[in-house]
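Working notes, beginning with the structure itself.
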Ligand SMILES: Nc1ncnc2c1ncn2[C@@H]1O[C@H](COP(=O)(O)OP(=O)(O)OP(=O)(O)O)[C@@H](O)[C@H]1O
Ligand SMILES: [Mg+2]
């Protein structure tokens, strides 16, 4: 693989707002690097500072402190004219599409080309090519009010691509869409990343969206970046409780735990309920068989979620273990040795909703 080359570098970014004599630290000391060709996901709850942070990338929001480098240019040192040019390299799409309602689909996509150097014929060719790219050639003469949410977002994507940006930022662009349309739009973004090599930054509060197309993930909480890593690392070995929560939300582990607690199906004699997170070749059946063969520990699978993320198996499993104390300890050690992340689950701490 070619060496990763940074396209966006944020260093020690802080953004402070003052409102009614109150200071709000929307972003606190965040540093991150997005490499060329990444689909970089930023996940966090409402108010975590995600939008504020990405607006810093093209200086729609100037940071209170920190350095912003895009394409090896220090954004804070550019003249207004240079900054305008750099911004063309960064397309943005939003939850509410922000289309011009009085213009047709064609007119919306043509709009950012108004001050371009292209001839009328080149411009027309470009708009048609973009509409074709997002699958909307047949809607060129429609107005936004005549489109579905997914179609509106396709127009917004085509418009964001008009100036051939190398970077596309998507701020909750699928939040207003149903799950199927969300998948369609995410697939389109994935296709743009693969076919045109566009670097994509995606903000979301849904882990499922991240899972579909991101290769790297950052987790934000109360203005801070609390965890960052490859999709596989975040999924297979989440370090922070909040990250774990996001991962669980997309594997249905949370509801499963609640169900287990409510229904009292945990075997009476089981001494331990454990959660296993594993990556790669480890699979569930042999693990359970080995626990019995080697340690005489019986393992009941109460829940499992195995999926393929970027060609690697990522699994979560809940096991109820029964056996002698020392055998269980040995079994846990064995699991740790297999590069399986083992965590004791205490049902008393599970809140039943
Ligand atoms: N222009 C502003 N003036 C004052 N406070 C602001 C401003 N913009 C954002 N904030 C505050 O900064 C914090 C972070 O907001 P931000 O919009 O970045 O969060 P977010 O993670 O994008 O949330 P959401 O998921 O709801 O979009 C919030 O407390 C918000 O109220
Ligand atoms: Mg936001």
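The values are calculated or read from the model by the stated rules, or taken from the named source; none is laboratory data. In this text the structure is predicted, and so the values were computed from the model without any measurement. So basically every Cβ, Gly included, is an ideal-geometry build from the backbone, and we count neighbours across all protein chains shown.
Structural remarks
- Scanning segment 192-237 for residues that are over 20 Å from residue 37 (Cβ atoms) and modelled with pLDDT of 95 or more turns up 219, 220, 221, 222, 223, 224, 225, 226, 227.
- Set 170, 250, 175: member being surrounded by 17 or more Cβ atoms within 10 Å (Cβ to Cβ) and within 16 Å of ligand 2 (Cβ to nearest atom): 170
- Of residues in segment 48-93 being without any contact (Cβ under 8 Å) to a residue 24 or more places away in the chain and within 13 Å of ligand 2 (Cβ to nearest atom), the one surrounded by the most Cβ atoms within 10 Å (Cβ to Cβ): 55
- Counting only residues that are surrounded by 14 or more Cβ atoms within 10 Å (Cβ to Cβ) and either part of a helix (DSSP H, G or I) or not assigned by TED's automatic domain parsing to the domain that holds residue 189 (or both), segment 115-136 holds 8 of them.
- The one condition from (1) modelled with pLDDT of 90 or more; (2) surrounded by 16 or more Cβ atoms within 10 Å (Cβ to Cβ) that residue 315 does not meet is (1).
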